[in-house]
1. For Cα pairs less than 8 Å apart in space and 6+ apart in sequence, what is the mean separation divided by the residue count of the range 85-156, i.e. the relative contact order in percent?
2. For the chain, what % of the accessible area comes from carbon and sulfur atoms, probe 1.4 Å?
3. HN-Hα J couplings of the range 107-116 from phi, Karplus 6.51/-1.76/1.60, θ = phi - 60°, integer Hz, Gly and Pro as x?
4. Express in Å², to the nearest 10, the accessible area of Arg75 obtained by rolling a 1.4 Å probe over the protein heavy atoms while all chains stay in place.
5. For a quick check of understanding: with a 1.4 angstrom probe and all protein chains in place, what accessible area in square angstrom does Thr33 have, to the nearest ten?
6. For Ser51, Ser133, write out the residues from largest to smallest accessible area, computed with a 1.4 angstrom probe and no ligands counted.
7. Using a cut-off of 10 Å between beta-carbons, work out the net charge of the residues near Phe16 (Lys and Arg +1, Asp and Glu -1, Phe16 not included).
8. So what is the accessible area of the range 1-41 per residue, in Å², with the probe set to 1.4 Å?
Amino acid sequence: MIQKGIHLLRHQGRPFDLRVLTQKSPAGQWVSTGIIGRVAAKNKIITNHHSGGVVHHYKPLMLEHMTDTEAENIRRELYVLGVNVAAQLQKSYPHLKEIGLDVAIDNRWNIWILEVNTKPALFPFKKFFKDPSVYQKVKKYANAYGRKLSSKKKAN
Ligand SMILES: Nc1ncnc2c1ncn2[C@@H]1O[C@H](COP(=O)(O)OP(=O)(O)O)[C@@H](O)[C@H]1O
Ligand SMILES: [Mg+2]
């Protein structure tokens, strides 16, 4: 598949993109429960964990390029985007319970969907946020729809 290359916003010279997590709530509503930034490793153009990409908080990354209000407006836009994409995909995939959107922001602040993941990693939302309620909610929703959360290093 050929895609147009997007010029991602940068943090200290390294491109970053965003991961928006959207989950089905126990009450059956789609809710965007978290957003994180992923910064590419030095001299890399992709931000994935296995390519050396590092997770960052959304706000400080965005504040290098815009005001607080602008960053919060884009956050809201991304949360709505996650909900709309999930609702649309659910029409074809009725059992869908969670999605992870890989989103690029370019230097004109256009929002580009790079990829939609149907089994998104939840661990980046754990331990990372100072506010533990973020992961509490992620976990609560995941448990409610029956996703097994891998508890690390279980004894064999
Ligand atoms: N069109 C694009 N323009 C710029 N960067 C891209 C583009 N597509 C992918 N990337 C970068 O590569 C990463 C991995 O691509 P992605 O499509 O999410 O595949 P996967 O996560 O399955 O390896 C993205 O998170 C992003 O950093
Ligand atoms: Mg991806």
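The values are calculated or read from the model by the stated rules, or taken from the named source; none is laboratory data. Because the structure is a prediction, the values reported are computed rather than measured. Heads up, the Cβs are rebuilt from the backbone with ideal geometry, glycines too, and the neighbour counts pull from every protein chain shown. Surface accessibility is based on the protein's heavy atoms, side chains included, excluding ligands, DNA and RNA. Shrake-Rupley method; radii C 1.70, N 1.55, O 1.52, S 1.80 Å.
1. Details: 55 pairs, mean separation 13.3, N = 72.
The value is 18 percent.
2. Carbon plus sulfur share of accessible area: 53 percent.
3. So the Karplus estimates, Gly and Pro as x, are 6, 9, 6, 5, 9, 10, 7, 8, 6, 10 Hz.
4. About 50 Å², rounded to the nearest 10.
5. So the heavy atoms of Thr33 present about 10 Å² to solvent.
6. Values: Ser51 20, Ser133 65 Å².
Of Ser51, Ser133, the descending order of accessible area is Ser133, Ser51.
7. +1
8. Averaged over the residues of the range 1-41, the accessible area is 47 Å².
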